[in-house]
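Working notes for the structure below.
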Amino acid sequence: MFGIEAIDFWHWWVLAIVLFILEIFSPAAFFIWIAFAAGLMGLLLLVGEFSWQAQFFTFAVLSVACVIAGRTWFKRNPIATDEPNLNRRGQSLVGRVFEVEQAIVDGTGRVRVGDTTWKVRGPDAGIGKKVKVVGIDSAVLRVEPVE
């Protein structure tokens, strides 16, 4: 017999491998947990027999359980990195001192950061004055004058 009724353990393992491969191309750790669920479903089929309906239901429950377990684990064990602000450029500028390129008038101006300029908010300061970045609001740096 061929069809959905003929699902065997190796079908689930093939699905697990496909999901692991999808995880490689995914920007977030999501498919890996569903792949674990598919692998577990394959192991369960080695131990006992399940109708195809029971297999899909069990796979759905295992998928939800694995995703919850994975997210809980990552929340409790965050990935340590030596570059915590890698994709948050503004955060990496906090504490640095820059020169005002466009005068800060009425609390708004611009500073040069490398080859770009950033909008800043802070006390009024003339062109060429030094300011220190003390925070960031969206894409606007909050600055204070450096004495």
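With a requirement of 3 or more residues that are of a type in the set (K, R), none of the strands (runs of 3 or more DSSP E) lying completely within the stretch 40-122 satisfies it. Using the structure shown, decide if F31 is surrounded by 13 or more Cβ atoms within 10 Å (Cβ to Cβ), touching a helix residue (DSSP H, G or I) at 6+ places or on another chain (Cβ under 7 Å), over 20 Å from R71 (Cβ atoms) and free of Cβ contacts under 8 Å to residues at least 24 places away in the same chain. Criteria not met by F31. Would you call A54 among the aliphatic types (A, V, I, L, M) and either at pLDDT 95 or above or closer than 30 Å to G135 by Cβ (or both)? Answer is no for this residue. Within the stretch 123-147, the set of residues being of a type in the set (A, V, I, L, M), assigned to a loop (DSSP other than H, G, I, E, B) and more than 34 Å from the chain's Cα centre (by Cα) comprises I127, V146. Of the residues examined, V105 is not one that is touching a helix residue (DSSP H, G or I) at 6+ places or on another chain (Cβ under 9 Å) and either surrounded by 10 or more Cβ atoms within 10 Å (Cβ to Cβ) or in the same structural domain as W33 (by TED's automatic domain parsing) (or both).
Here the stretch 105-141 is the region considered, the condition is being among the polar types (S, T, N, Q) and over 11 Å from G90 (Cα atoms), and the residue that is modelled with the highest pLDDT is T108. Of note, I79 does not satisfy the criterion of being in contact with a helix residue (DSSP H, G or I) (Cβ under 9 Å, 6 or more places away or on another chain) and within 30 Å of A28 (Cα to Cα).
Only one of the numbered conditions (1) surrounded by 11 or more Cβ atoms within 10 Å (Cβ to Cβ); (2) over 27 Å from the mean Cα position of the chain (by Cα); (3) at pLDDT below 95; (4) not hydroxyl-bearing (S, T, Y) is not met by M1, and that is (1). Could you tell me whether E23 is closer than 25 Å to P78 by Cα, surrounded by fewer than 18 Cβ atoms within 10 Å (Cβ to Cβ), free of Cβ contacts under 8 Å to residues at least 40 places away in the same chain and not hydrophobic (A, V, I, L, M, F, W, C)? So E23 passes the test.
The values are calculated or read from the model by the stated rules, or taken from the named source; none is laboratory data. Model, not experiment: these values are computed from the prediction. Note that each Cβ is placed from the backbone with ideal geometry, even for glycine, and that neighbours are counted across all protein chains shown.
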